[in-house]
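Shown next, in structure tokens, is the structure this report addresses.
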Amino acid sequence: MTDATAEQAEVPEKSGKKGMILGAILAIAGAAGGYFLTTSGLLSVGGIPVVQNAEETEKSKPANALPKVGFVDLAPVVVSVNTSDSRHLKFHAQLEVNAPYMADVEKMKPRIMDVLNGYLRAIEVSDLEDSLALMRIRGHLMRRIEIVVGEGRVRDVLVMEFVLN
């Protein structure tokens, strides 16, 4: 009876490292093979090749037509800014206008310039020091211009020059 227990105790346990190494090698080989098949286009997903040539996709897409717009140039404006010292703001903009309304917006240009001057004179230097000041000014001007000419006629206010001296 002691011999049976001694034989059982002497049997070495298997470490299982061979199986783990073999599994890692097979996993790496499978990943490399799958990567090769999908990038070479031999394997398709959903019937569509996974990789397409970038030039082919650009050439096959039709170019979108540009929107029918025109631009109305506003005269440059120089206004004094509310500060203790003498500082000036030079502002020049253009309006992006939907093409059918070009004549209407041109006709309202004096009123647009009046709104532009009034708004820019009310701005203080502290309003201009913010990094988002230009975006905020564009938004305010856009809203005021829409009130003057009507909504849907002017698409955007494009700032050409914005200089604070």
For the range 128-165, which residues satisfy the criterion of being in a helix (DSSP H, G or I), farther than 23 Å from M108 by Cβ and in contact (Cβ under 8 Å) with a residue 40 or more places away in the chain?
L128
Given the criteria among the hydroxyl-bearing types (S, T, Y) and either in a loop (DSSP other than H, G, I, E, B) or in contact with a His (Cβ under 9 Å, 6 or more places away or on another chain) (or both), does S80 qualify?
yes
Can you tell me which residue is surrounded by the fewest Cβ atoms within 10 Å (Cβ to Cβ) among those in the range 98-151 that are in contact with a Phe, Trp or Tyr (Cβ under 7 Å, 6 or more places away or on another chain) and not basic (K, R)?
L134
Output for the range 1-43, where each listed residue is at pLDDT below 65, hydrophobic (A, V, I, L, M, F, W, C) and outside any helix (DSSP H, G or I):
M1, V11
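The values are calculated or read from the model by the stated rules, or taken from the named source; none is laboratory data. As the structure is a prediction and not an experimental result, all values here were calculated from the model. As a convention, Cβ positions derive from the backbone with ideal geometry for all residues, glycine included, and neighbour counts pool all protein chains shown.
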